[in-house]
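Worksheet: the structure to be examined is printed underneath.
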There are 2 protein chains.
Amino acid sequence: NFVTPRPCVDERMAERLASTARLFNSSLVRSVSHSILLRIHNRTCSEMAPLKNPKGMRDIWPACHRETIIQTIGRIFRSHGARSLDTPVCELTETLTNKYGEDSKLIYDLKDQGGEALSLRYDLTVPFARFLAQNKIQAITRYQIGKVYRRDNPSIKKGRFREFYQCDIDFAGKFDNMMADAKCLKILCEILRKVQLPYKFSIKVNHRTVLSGMFRVCGVPPQLFKPICSSIDKLDKMPWEEVKQEMCKVKGLDEQVADKIYSYVSRSGDSTLIDQLLEEELGQDEDGKRGLDDMKALYKHTDLLEVSNDIKFDLSLARGLDYYTGLIFEAVVEDNVEVEVGSIAAGGRYDNLVSDLMDNQNFRVPIVGLSVGIERLFAILDTSKGGDFHCVIGSIGEDVLGERYKIAETLRQRGVLVKDVLKVNVKPLVLYQTCEDESIPYAVFFGRKEMNDSVVCLRDMSSRKDEKIPIDQLADKLISLLNLNQDGSAKI
Amino acid sequence: NFVTPRPCVDERMAERLASTARLFNSSLVRSVSHSILLRIHNRTCSEMAPLKNPKGMRDIWPACHRETIIQTIGRIFRSHGARSLDTPVCELTETLTNKYGEDSKLIYDLKDQGGEALSLRYDLTVPFARFLAQNKIQAITRYQIGKVYRRDNPSIKKGRFREFYQCDIDFAGKFDNMMADAKCLKILCEILRKVQLPYKFSIKVNHRTVLSGMFRVCGVPPQLFKPICSSIDKLDKMPWEEVKQEMCKVKGLDEQVADKIYSYVSRSGDSTLIDQLLEEELGQDEDGKRGLDDMKALYKHTDLLEVSNDIKFDLSLARGLDYYTGLIFEAVVEDNVEVEVGSIAAGGRYDNLVSDLMDNQNFRVPIVGLSVGIERLFAILDTSKGGDFHCVIGSIGEDVLGERYKIAETLRQRGVLVKDVLKVNVKPLVLYQTCEDESIPYAVFFGRKEMNDSVVCLRDMSSRKDEKIPIDQLADKLISLLNLNQDGSAKI
């Protein structure tokens, strides 16, 4: 047949020739024909090819449970009025240029192969903004779930990979103040409840213009707003004293200004904190007041949506990315001692990204969005299971094979996940071993004798009890034993 | 706030400086500081950035219906005993080297960025084989649905893109002869029926060792087996005369040999053809007989699986890829006049790929697999719909907003896809306009008066008839109007 033959004698010969040639420098090399050298080269490459994944990128096996979670999140997004968008995994390099500040060095570039300069997408937000700008869309609710790429230092312990999923929903368009923002928080709560997070979570919220006002009120020079903002962003990982050091020693902030900032960022609470702040100096600042009013409106909507107990107004929340213009938020697990996961979802309002991208300030698309860090979700949920089979089927006798196919088909039609041992004759012991090996709870077995009686043997692997079940009752029996929905889907 | 300021005066100045500098060659350029030039460069890049996708790669919007189809196929794969595997979009370049013959030039390479040489995956088969070899797995049934990349000449008309989905299931392991092979055909039929293909389809089957035997019997010199095989592969696009020309003029085949090949490749039929061939010269050839025996076994299983009427033994089917070693097959739509789609699914047996990859002939993993060209499926199915919303909800009065949120929530819980117009006050006309714009069939509207009576107005947009519905009956009413399943999922 057609498979490439294994390395043959002339190749081994050529290889020895070439290694000799290397010893005697280039004169002999020339005498070895180019084509043979090429074959040696290819051969050597493939022999040396380490069987491994790219650094920081994983094979996920089995991916079934992750898929179920992804589909659940997609369904929640859809139920809140979003449609799915699928953009390429690459973007023109120019599209990604100047969007990620220092992190631009983490972008994967493709080789220029006689076409355009391309890079792997760094997130799903800039591609979304590019999509809006390109198609001149000013109102849309879309979600997107896909892989993004960062040439970061991978760390399995911290769940930091170079290829990972993002899971975004964004509301673009002009809506009544804070309605879409509140909806993001509502959706986030629904997701965190639905995936049955094993830890208590809370959602920190803050507002970029509240921060702007705070900086002004504290006396931060305007050119230091951004640098000080990124220092504050580190407060969840570093103690205040270190952050203050960075602000004063590295960024040259006055120490008294830093202390005043601390008097703000150490405060958190609910809507009563907003009322207090409105009465204070911050409430007199134009930005401060505007931000605080937004936060009040947000609380009104989250009250009506019955999620305000899950959110916490926290003045120390800063969020690194430059493009946020209004609400910012971050979901964290509270009592997570086993795994260090950090924030599991985050988002905010970015009203200028699209107009900046188009370089057209008249094309304004206000957007508020939410990104679920599903890798972190996966890290604290048990994703090793899922996609497990419900039963395995086997029989003895070539004459009953057709009946086995038919029974398996009937079960499948009802949603039962059937594993068939693809042998004509399967002894019960082999069947039970398969169940053990793959954690399958039920085994269905029969021979000619059982077929003559129109029954099958059903073994419950946990109790090791066998039962004879009439063929036409098998599907119902399994569905009830497995506690599946009527359509065969799992009850989750 | 924190958004990067627009280009400011010094940048414009610098730009003018630089353009002047260009006129006067390099002396002036040096006087413009590096940092300003860098900013000009970045600025210019982003100003010039065309808002477009990479060549041959698309934004898919809305992607909902495609997602539904993908999920349906995934469910079918799973129901046949497969688990989902998710591999990185990149592989080490070495892993892909020497796997795709001439097509290797179509592989996208990444820039070497201080790490490993990486390439975008060209298919899902080689990554799967790499996964098996790397983890020394010899028995597994896995499916994978993901994007693959080919730097091919894109053609929208032919549905040929540089980024597209593949959708594979593979049975790896030692099973009884042709059982897994037959299962592939069964799965393929189930998929093509389930997605409600609007055309009649048929599945051509052939066998690589039948082809080997045929070539030998016809007198093709062994070194021409592969080149002649790829000529035959073109028979579905080219008439025999042209293929013969290529065989004889380009590849140097004897004309009489070509004619004898024609006497074989013009034959197709069902299992009776196999019996005939077994009686003829081909049945005397060792490879020929082995292949024909396999085909007989295949027909036995497809008979029992009740799909043998959908398959057609066709000696002209050759399939280009080198790595096939046994059964090969291809699904084509038969009466497809509107769209030229070619084959919509294909596959075959490749028993040597893993051992070749590991360069270890003792590590044998026989595999048979199936790849659904879902892009082609999408091309002939209407994917413009899907993910449409079931109803839109709106109300007037800030005091009923909480009730609106609650009603929407109740509907969502039942699986109704609700679009909320994110304004506090939504006039009915705005609501109806939204329905028109987004093809939403029902509008739910109310004000304080309706709330006092515990009803809402439900408008059927097709008949433009309004009806008052008690709030607690709304979900049931909509589910029955929309003909949804009890869990709110669509009946497909």
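The values are calculated or read from the model by the stated rules, or taken from the named source; none is laboratory data. Note that the structure is predicted; figures quoted are calculated from it, not measured. Note that each Cβ is placed from the backbone with ideal geometry, even for glycine, and that neighbours are counted across all protein chains shown. The area values use the complete protein model at the heavy-atom level, side chains included, leaving out ligands, DNA and RNA. Shrake-Rupley method; radii C 1.70, N 1.55, O 1.52, S 1.80 Å.
Calculated from DSSP H runs of 4 or more alone, at -39500 (n - 2.57) each and per residue, what is the 222 nm mean residue ellipticity of chain A, nearest 500?
Working: 20 runs with 202 residues, N = 492.
About -12000 deg cm²/dmol.
So how exposed is B:W240, as accessible area in Å² (1.4 Å probe, rounded to 10)?
The value for B:W240 is about 30 Å².
Which is farthest toward the positive dipole end of chain B among B:M358, B:L273, B:C184, measuring Cα position about the Cα centre, with Cβ charges +1 (Lys, Arg) and -1 (Asp, Glu)?
The residue sitting most towards the positive pole is B:M358.
From the label point of A:G219, set 7 Å from Cα along Cα→Cβ, how far away are the matching label points in the other copies, in nm, ordered shortest to longest?
The projected label point of A:G219 is separated from its counterparts by 10.3 nm.
Can you find, among A:Q71, B:S230, A:L197, the residue farthest towards the positive end of the dipole of the protein assembly as shown? Put +1 on the C-beta of Lys and Arg, -1 on that of Asp and Glu.
Farthest towards the positive end: B:S230.
Could you work out the relative contact order of the range A:63-379, using alpha carbon pairs under 8 angstrom and six or more residues apart, expressed as a whole percent?
Working: 536 pairs, mean separation 70.7, N = 317.
That works out to 22 percent.
From the phi angles alone, apply the Karplus equation (6.51, -1.76, 1.60; θ = phi - 60°) to the range B:447-456 and give each ³J(HN,Hα) in whole Hz, x where the residue is Gly or Pro.
Taking θ as phi minus 60°, the curve returns x, 4, 4, 4, 4, 4, 8, 6, 10, 10 Hz for the range B:447-456.
Take the alpha carbon gyration tensor of the range B:391-482, find the square roots of its eigenvalues, order them as a ≥ b ≥ c, and report rounded if a/c is under 1.5; if not, report prolate when a/b exceeds b/c, else oblate. Could the numbers behind the result be given before it?
Numbers: a/c = 1.33, a/b = 1.10, b/c = 1.21.
Here the range B:391-482 falls in the rounded category.
Kindly report the accessible area of chain B per residue (heavy atoms of protein chains, probe 1.4 Å, no ligands, DNA or RNA), in Å². Spell out each step's value before the answer.
Values: 21420 Å² over 492 residues.
Averaged over the residues of chain B, the accessible area is 44 Å².
In nm, what does the list of distances from B:D382 to its counterparts in the other copies look like, shortest first, when each label sits 7 Å along Cα to Cβ?
Copy-to-copy label distances for B:D382: 4.6 nm.
At a probe radius of 1.4 Å, figure out the B/A buried accessible area, summed over both chains, and give it in Å² to the nearest 100. Please report the intermediate quantities before stating the final value.
Values: alone 26830 and 26850 Å², together 42890 Å².
That pair of chains buries around 10800 Å² in total.
The protein assembly as shown: D in µm²/s via Stokes-Einstein (Kirkwood Rh, Cα pairs, 37 °C, 0.692 mPa s)? Kindly include the intermediate steps, with their values, before the conclusion.
Numbers: Rh = 31.9 Å.
Translational diffusion coefficient: 103 µm²/s.
Accessible surface of B:K289 in the full protein assembly, 1.4 angstrom probe, to the nearest 10 Å²?
My reading of the accessible area for B:K289 is about 90 Å².
Carbon-plus-sulfur fraction of the accessible area of the range B:407-453, 1.4 Å probe, in percent?
Here carbon and sulfur together make up 53 percent of the probe-accessible area.
With θ taken as phi - 60° and the coefficients 6.51, -1.76 and 1.60, list the Karplus ³J(HN,Hα) couplings across the range A:375-383 in order, rounded to whole Hz; mark glycine and proline as x.
After applying 6.51 cos²θ - 1.76 cosθ + 1.60, I find 4, 6, 4, 4, 5, 9, 9, 7, 9 Hz.
For A:T87, which sequence-distant residues (separation of 5 or more, or a different chain) have an amide H within less than 5 Å of its own amide H, given hydrogens modelled in the peptide plane?
B:I60
Taking A:G397 in one copy and the same position in all the others, each labelled 7 Å out along Cα→Cβ, what are the pairwise distances from the first, in nm, shortest first?
Those label-point separations list as 7.2 nm.
In peptide B:90-97, how many Cβ atoms from other protein chains are near each Cβ within 10 Å, on average?
Working: counts 10, 4, 7, 3, 9, 7, 1, 5.
Counting other chains' Cβ atoms within 10 Å and averaging over B:90-97 gives 6.
Mind checking the dipole of chain A: about its Cα centre, +1 per Lys or Arg Cβ, -1 per Asp or Glu Cβ, Debye to the nearest 20? Walk me through the intermediate numbers first.
Values: 70 positive and 72 negative charges, 338 e Å.
Here chain A has a charge dipole of around 1620 debye.
If amide hydrogens are placed 1.01 Å from N in the peptide plane, which non-local residues have theirs closer than 5 Å to the one on B:G397?
Under 5 Å from the amide H of B:G397 lie the amide H atoms of B:V426, each far enough along the sequence or on another chain.
Please tell me which of these pairs span more than 27 angstrom C-alpha to C-alpha: A:K194/A:K234; B:K183/B:K251; A:K477/B:K477; A:K136/A:K300; A:K300/B:K449; A:K174/A:K204? Let's see the in-between values first.
Working: A:K194/A:K234 30 Å; B:K183/B:K251 37 Å; A:K477/B:K477 33 Å; A:K136/A:K300 33 Å; A:K300/B:K449 23 Å; A:K174/A:K204 24 Å.
Result: A:K194/A:K234; B:K183/B:K251; A:K477/B:K477; A:K136/A:K300 exceed 27 Å.
Given H placed on each backbone N at 1.01 Å, which residues far from B:A345 in sequence or on other chains put an amide H within less than 5 Å of it?
B:A331, B:G373
What average count of beta carbons from other chains do you get within 10 Å of the Cβ of residues in B:400-412? It would help to have the intermediate numbers written out before the result.
Details: counts 0, 6, 6, 1, 1, 9, 3, 0, 4, 5, 0, 1, 7.
Average neighbour count from other chains, rounded to a whole number: 3.
With +1 on the Cβ of every Lys and Arg and -1 on the Cβ of every Asp and Glu, and nothing else charged, how large is the dipole of the protein assembly as shown about its Cα centre, in debye rounded to the nearest 20?
Details: 140 positive and 144 negative charges, 234 e Å.
I would put it at about 1120 debye.
Is the shape of chain B rounded, prolate or oblate, going by the alpha carbon gyration tensor and its root eigenvalues a ≥ b ≥ c, with a/c under 1.5 for rounded and a/b larger than b/c for prolate? Don't skip to the end; give the middle numbers.
Values: a/c = 2.51, a/b = 1.35, b/c = 1.85.
Oblate, because a/c is 1.5 or more while a/b does not exceed b/c.
Across peptide B:126-132, what mean number of C-beta atoms from other chains lies inside 10 Å of a residue's C-beta? Can you show the working numbers first?
Numbers: counts 0, 2, 1, 1, 5, 4, 1.
Per residue, the number of nearby Cβ atoms from other chains is 2 on average.
Among B:G369, B:P50, B:Q166, whose Cα sits farthest toward the positive end of the charge dipole of chain B (+1 at Cβ of Lys/Arg, -1 at Cβ of Asp/Glu, about the Cα centre)?
Farthest towards the positive end: B:P50.
What do you reckon, how do A:D314, A:D112 stack up by accessible area (1.4 Å probe), largest on top?
Values: A:D314 15, A:D112 105 Å².
Descending order: A:D112, A:D314.
List, in order, the whole-Hz ³J(HN,Hα) value for each residue of the range A:100-116 obtained from phi through the Karplus relation with A = 6.51, B = -1.76, C = 1.60 and θ = phi - 60°; use x for Gly and Pro.
10, x, 4, 6, 4, 5, 8, 6, 7, 9, 8, 5, 6, 10, x, x, 9
Can you sort A:D176, B:D382 by solvent-accessible area, 1.4 Å probe, largest first? If you can, show how the numbers build up before the last one.
Working: A:D176 50, B:D382 95 Å².
These residues rank, largest area first, as B:D382, A:D176.
Rolling a 1.4 angstrom probe over the protein chains, ignoring ligands and nucleic acids, what is the accessible area of A:M179 in square angstrom, nearest 10?
Its accessible surface works out to 0 Å², give or take rounding.
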